[in-house]
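Remarks on the structure that follows.
Just so you know, all these numbers are worked out from the coordinates, no wet-lab data involved. This one's a predicted model, so the numbers in the text were calculated from it and none came from an experiment. Cβ placement follows ideal geometry from the backbone for every residue including glycine, while neighbour counts extend to all protein chains displayed.
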């Protein structure tokens with residue numbers, strides 16, 4: 001029997017002197033003001049047990065963690081046709097790179113880089129009259145709480161989103177975006193501006209540890225096959241161009257965001273969320289990654 005709370009407490013005690021390491025994402029003005037010296041971590045198991053430590057209940061901007069929610073919503077609506085819009089391969093380049101789009105005729109490598117998530121947002125614009133509301137409803141269904149977009153972060157994303165606008169327009173030039181570019185970017189910027197806590201995110205992502213079923217509600221979110229596919233993409237593409245390092249050091253499907261959050265999935269056991277805003281050069285939380293390394297060592301889990 002794994003004692004998750006004891007493992008979390010041990011990680012927190014060991015990591016405490018390092019909290020504040022790294023540099024917050026300063027290219028998004030609203031994130032640049034977030035104090036780096038914060039840390040939270042939470043677990044939700046497939047039998048519905050929940051554990052937390054530190055600032056586990058503090059909401060933060062989930063940023064690219066939302067790309068998993070967008071992909072999930074698209075899979076619910078159109079299934080395998082998602083892969084006509086985006087690929088399934090690691091990019092090996094920064095998450096906001098334009099280079100591969102030129103060589104690959106506007107088709108993003110995977111749904112977890114910015115171009116891929118913008119492509120998925122385009123699918124959501126076609127599938128829903130109000131895609132922002134659909135994303136919000138999914139997030140609320142998954143975590144069981146009322147959640148909201150952070151209006152300041154969404155506005156800041158838009159004001160600083162020149163490269164994302166370039167990605168969307170570049171894809172549009174190849175016929176890969178079917179809807180109005182501004183409408184697609186509006187969905188993308190708002191999904192990145194969702195604000196959830198570690199506790200909420202561990203609950204929200206637990207369906208990926210439970211063969212597509214949300215453990216607390218019993219709702220089927222995706223099929224078992226789709227859950228395996230999302231986990232596979234998280235392992236290979238979920239942490240920008242540090243996916244190999246995460247697989248080597250942590251050995252679990254992970255998805256990170258420049259807000260400092262990382263979610264990890266232990267299939268058939270639990271979802272783990274850690275948050276600390278300071279980032280490394282690849283855009284991943286410095287303390288969050290260290291904490292995940294310590295936690296998986298404590299409880300002895302890996303997909304390998």
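Taking the longest Cα principal axis of the chain as reference, the axis of helix 286-299 is set at about 50 degrees.
Spin-label pair residue 32-residue 18: with each label point 7 Å from Cα along the Cα-Cβ axis, the two points sit 2.8 nm from one another.
Run the paramagnetic zone check for residue 297: 7 angstrom along Cα to Cβ, then residues of the range 241-284 with backbone nitrogen under 17 Å. Under cut-off, by backbone N: 245-252. May I ask for the angle, rounded to the nearest 10°, between helix 224-237 and the longest principal axis of the chain, with both axes built from Cα atoms and the value confined to 0 to 90°? Between the helix axis and the principal axis of the chain, the angle is about 90 degrees.
With R₀ set to 41 Å, the beta-carbon distance separating residue 47 from residue 163 gives a calculated FRET efficiency near 0.45.
Applying 1/(1 + (r/R0)^6) with R0 = 41 Å to the Cβ-Cβ distance of residue 173 and residue 133, what FRET efficiency is obtained, to the nearest 0.05? That pair, residue 173 with residue 133, gives E of 0.90.
For residue 217 and residue 99 in the same chain, what is the full-extension length gain: residue separation times 0.36 nm, less their Cα-Cα distance, in nm? Please list the in-between numbers first.
On the way: separation 118, 0.36 × 118 = 42.48 nm, distance 4.25 nm.
Gain in length upon complete extension: 38.2 nm.
In the chain, the DSSP-assigned H stretches of four residues or longer account for a calculated mean residue ellipticity at 222 nm of -13500 deg cm²/dmol, using -39500 (n - 2.57) per stretch and the full residue count as denominator.
Per-residue packing, averaged as other Cβ atoms within 10 Å, sorts the ranges 59-66, 207-214 into the order 59-66, 207-214, beginning with the highest. The C-alpha atoms of the chain define a longest principal axis, and helix 66-78 lies at about 60 degrees to it. Post the alpha-carbon centroid distance, the range 221-294 to the range 126-173, in whole angstrom. Their Cα centres are 21 Å away from one another. When log10 I(q)/I(0) by the Debye sum over Cα atoms at q = 0.10, 0.15 Å⁻¹ is computed from the coordinates, the matching label among [x] -0.69, -1.18; [y] -0.47, -1.13; [z] -0.59, -1.25 is [y]. Remark: spin-label model distance residue 281-residue 2 equals 3.2 nm, labels positioned 7 Å along the Cα→Cβ axis.
Normalised by the number of residues in the range 17-145, the average gap of Cα pairs under 8 Å and 6 or more apart makes the relative contact order 17 percent.
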